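Heads up: the structure comes next, in structure tokens.
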Amino acid sequence: MSLKYITTFEKSDAYRKKIHDLIPGGAHTYSKGDDQFPQLSPAAITHGKGAHVWDVDGNEYIECLGGLGSISLGHAYEPVINRVIQELWKGNNFSRPSVIEMEMAEKFLSLLPGHDMIKFAKNGSTVTTAAVKLARAYTGRKLVARPADHPFYSYDDWFIGSTDVKSGIPDEISNLTVTFKADDPISLQQLFDKYPNQIACVISEPEKYNEVTPQLFQQLIDIAHKNGALWITDEMITGYRTHFPGSFVKFGVTPDLATWGKGIANGFSFCCLTGKKEIMELGGIRQKGKEKLFLISTTHGGETCSIAAALATMEEFQKHDVIAHNHHIGKMYMDGIKNILARHQLSDYIKVLQFPWHVSLAYFDADNQPSWGLRTLFHQEMIKKGVLFQGIFCPHFSHTEEDVQYILAAFDDACTIYKKGLEEGWEKYLIGEPIKPVFRKYI
């Protein structure tokens, strides 16, 4: 298979020079920032279709992590776009709720046994923070427990204060979040023993890095309940990925609250919080005389075009076996890269993590230490071959077997350069500076 060789980034370089004077960080999420990509990479995208995107220089790429995992069906996916257009002609925001809000609430909740109420928002951080607020109000406790080995739950103080990027957050706030080892009942119980009657909730992603069974999932929830805390399942990434609608339904367990976003509206800004009525009702206005909890109150939470996108996405998942397609594509990629790494004798230096629905890589040097330089070099070589790559492949309905075959061919080629970088030093082959961690203390 013949590969592209992209060398022109002139307009991207011009874009980069200007954008940081206009937008702090140059983007509206740090994961899209210039420090997350090699110097030889697109600075901005003009448009996308299916699994392909085009940059400001006109270069075409197969995108591996569609919209940071928010694309579940494909870019400009026509059934979703057509539904959004129909809704836009009716108006996009009103002074009272739109009827589409009830339609969305009823249809989404019908997929979630044990969850009775829903609240809409525009981003994931809003709903995870709302879940934490509910748990604190319901239990009367302050502390939040989250896995130490999971990277992100919210940009709000309760989470970011527990990372290295805590500038602007008082220690009094940071100290209210405590950590445990993900999917480890012993570690979780030890945390409750350390902070008896203080932890309001546990928030955790299911199936992040470890295989989870229904028994383990239920055991973790039971530990939280036994210790008087609520369990929040964050389905931001697993929703519409592991199963339709998500992991807690797949395993037949019922968390107290769940948070959703990313792929549930195929790239449109729609997220939500769902949960049991006795907890969610704390954010309502029907319990006269009771202290009011200000849950989520956003002008754009009921924006009709994004809700229409979420409804259309849901309908596509019900009409087609999207999950089976995505898992098949992901397994084809995962099996392929494992074979390529073995052939290049790189299996100890590029490690394949996670699952077919969200495949990630970890990069190591000759001393078995994580290497940002080698990581950047590998991404540089993938991008050079027309694969927009961030170390994660998150398959969606528009990814084809032909796309995967091309990605694997580029992967094979990139391994040749990676091996040279491993043996001779990545500095010899990388143009520009290495990628840096998003959650770092200093710029």
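Where a number appears in this text, it was derived from the coordinates with a stated rule and is not lab data. Small disclaimer: the values here were computed from a predicted structure and weren't measured. Counting neighbours? That spans all protein chains shown, and the Cβs are built from the backbone with ideal geometry, glycine included.
Relative contact order of segment 93-302, please, whole-number percent, based on alpha carbon pairs below 8 angstrom and at least 6 residues apart. Before the final figure, lay out each step's value.
Numbers: 382 pairs, mean separation 61.4, N = 210.
Result for segment 93-302 is 29 percent.
Eigenvalues of the Cα gyration tensor times 5, then square-rooted: what semi-axes does that give for segment 93-302, in whole angstrom, largest first? All intermediate terms of the calculation are to be shown ahead of the outcome.
Values: eigenvalues 131, 82, 60 Å².
Result for segment 93-302: semi-axes of 26, 20, 17 Å.
Extension gain Thr299-Lys166, at 0.36 nm per residue separation less the Cα-Cα distance, in nm?
Numbers: separation 133, 0.36 × 133 = 47.88 nm, distance 2.84 nm.
45.0 nm is the gain from fully extending Thr299 to Lys166.
Spelling out what I want: for every residue of segment 128-138, take phi, set θ = phi - 60°, compute 6.51 cos²θ - 1.76 cosθ + 1.60 (Karplus), and round to whole Hz; glycine and proline get x.
My calculation for segment 128-138 gives 5, 5, 5, 5, 4, 4, 4, 4, 5, 5, 5 Hz in order.
Can you tally the net charge around Gly275? Count Lys and Arg as +1, Asp and Glu as -1, for every other residue whose Cβ sits under 10 Å from the Cβ of Gly275.
On the way: positive: Lys119, Lys276, Lys277; negative: Asp116, Asp256, Glu278, Glu281.
Summing Lys/Arg as +1 and Asp/Glu as -1 gives -1.
What does the extension gain come out to for Glu106 and Trp372, with contour length at 0.36 nm per residue minus their alpha carbon separation?
Numbers: separation 266, 0.36 × 266 = 95.76 nm, distance 4.59 nm.
Here the segment from Glu106 to Trp372 would lengthen by 91.2 nm.
With unit charges on the beta carbon (Lys/Arg positive, Asp/Glu negative), name the residue among Gly336, Gly275, Phe378 whose Cα is farthest towards the positive pole of the charge dipole of segment 265-401.
Of the listed residues, the answer is Gly275.
May I ask you to list the lysines whose Cα is less than 16 Å away from that of Lys436, ignoring any residue fewer than eight positions away on the same chain?
The qualifying lysines are Lys32.
Using the crude model of +1 on Lys and Arg Cβ and -1 on Asp and Glu Cβ, and no other charge, please compute the dipole size for the chain relative to its Cα centre, in debye to 20. Walk me through the intermediate numbers first.
Working: 46 positive and 52 negative charges, 221 e Å.
The calculation lands at about 1060 debye.
Counting other C-beta atoms within 10 Å, and keeping those with at most 15, which DSSP coil trypsin sites (Lys or Arg not before Pro) do you find in segment 209-289?
Working: sites: Lys226, Arg241, Lys250, Lys262, Lys276, Lys277, Arg286, Lys288; in loops: Arg241, Lys276, Arg286, Lys288.
Answer by residue number: Arg286, Lys288.
Using the Cα centre as the reference, give the magnitude of the dipole from point charges on the C-beta atoms of segment 93-302 (Lys, Arg: +1; Asp, Glu: -1; all else neutral), rounded to the nearest 20 debye.
Working: 23 positive and 23 negative charges, 126 e Å.
So the dipole magnitude of segment 93-302 works out to roughly 600 debye.
How would you classify segment 226-275 from its alpha-carbon gyration tensor, with a ≥ b ≥ c the square roots of the eigenvalues: rounded for a/c under 1.5, else prolate if a/b is greater than b/c, otherwise oblate? Intermediate results must be reported in sequence, preceding the final value.
Numbers: a/c = 3.24, a/b = 1.68, b/c = 1.93.
Oblate.
Give the residue list of trypsin sites (Lys or Arg not before Pro) in segment 163-211 that are DSSP loop and have at most 15 other beta-carbon atoms within 10 angstrom. All intermediate terms of the calculation are to be shown ahead of the outcome.
Details: sites: Lys166, Lys181, Lys194, Lys208; in loops: Lys166, Lys181, Lys208.
Counting only loop positions with at most 15 other Cβ atoms within 10 Å, the trypsin sites (Lys or Arg not before Pro) in segment 163-211 are Lys181.
Just how large is the dipole of segment 263-405 about the Cα centre, in debye to the nearest 20, putting +1 at every Lys and Arg Cβ and -1 at every Asp and Glu Cβ?
Details: 14 positive and 15 negative charges, 105 e Å.
My answer is approximately 500 debye.
Over 23 Å between C-alpha atoms is what I'm after, so list which of Lys11/Lys419; Lys49/Lys419; Lys262/Lys331 land there. List each step's numbers first, then the result.
Values: Lys11/Lys419 31 Å; Lys49/Lys419 34 Å; Lys262/Lys331 21 Å.
In this structure, Lys11/Lys419; Lys49/Lys419 lie more than 23 Å apart at Cα.
Can you classify segment 108-212 as rounded, prolate or oblate using the Cα gyration tensor, where a ≥ b ≥ c are the square roots of its eigenvalues, rounded means a/c under 1.5, and otherwise it's prolate if a/b beats b/c and oblate if not?
Values: a/c = 1.41, a/b = 1.19, b/c = 1.18.
Because its axes are fairly even, with a/c under 1.5, segment 108-212 counts as rounded.
Calculate the length of the line joining the C-alpha centroid of segment 372-436 to that of segment 51-99, in whole Å.
27
How much net charge surrounds His327 when only other residues with a Cβ under 15 Å from its Cβ are counted (Lys, Arg +1; Asp, Glu -1)?
Here the count lands on -2.
Hey, which lysines would be in cross-link range of Lys290, C-alpha to C-alpha under 22 Å, not counting anything within fewer than 8 residues on its own chain?
Lys119, Lys133, Lys142, Lys276, Lys277
Which FRET efficiency, nearest 0.05, do Arg96 and Lys49 yield, Cβ-Cβ r, R0 56 Å?
On the way: r = 37 Å, r/R0 = 0.66.
Efficiency for this residue pair is about 0.95.
Under a point spin-label approximation (7 Å from Cα along Cα-to-Cβ), what is the Ser360-Tyr442 distance to one decimal in nm?
2.6
Name the residue farthest towards the positive end of the dipole of segment 93-302 from the options Leu295, Trp158, Leu257, assuming +1 on Cβ of Lys and Arg, -1 on Cβ of Asp and Glu, about the Cα centre.
Among Leu295, Trp158, Leu257, the one farthest towards the positive end of the dipole of segment 93-302 is Leu295.
Of all beta bridges DSSP finds with both residues in segment 93-302, what is the antiparallel percent, to the nearest 5?
On the way: 9 of 24 bridges.
If we restrict to bridges inside segment 93-302, about 40 percent are antiparallel.
What is the sum of charges, Lys and Arg at +1 and Asp and Glu at -1, for the other residues whose Cβ falls under 15 Å from the Cβ of Ser31? Walk me through the intermediate numbers first.
Working: positive: Lys32, Lys262, Arg375, Lys436, Arg440; negative: Asp34, Asp35, Glu63.
My count for the surroundings of Ser31 gives +2.
Taking H placed 1.01 Å from N in the peptide plane, check which residues at least 5 places from Asn266 or on another chain put their amide H under 5 Å from its amide H.
Residues meeting the criterion, in which the H sits 1.01 Å from N, are Ser72.
In Å and from the alpha-carbon atoms only, list the Rg and Dmax of the chain.
Taking only Cα atoms of the chain, I get Rg and Dmax of 22.3, 72 Å.
Looking at segment 190-284, which GluC sites (Glu not before Pro) are in a loop (DSSP not H, G, I, E or B) and have at most 13 other Cβ atoms within 10 Å? If you can, show how the numbers build up before the last one.
Details: sites: Glu207, Glu211, Glu235, Glu278, Glu281; in loops: Glu207, Glu211, Glu235.
Counting only loop positions with at most 13 other Cβ atoms within 10 Å, the GluC sites (Glu not before Pro) in segment 190-284 are Glu211.
Report, to the nearest 10°, how far helix 304-319 tilts away from the longest principal axis of the Cα atoms in the chain, using its own Cα long axis and a range of 0 to 90°.
Tilt of helix 304-319: around 80 degrees.
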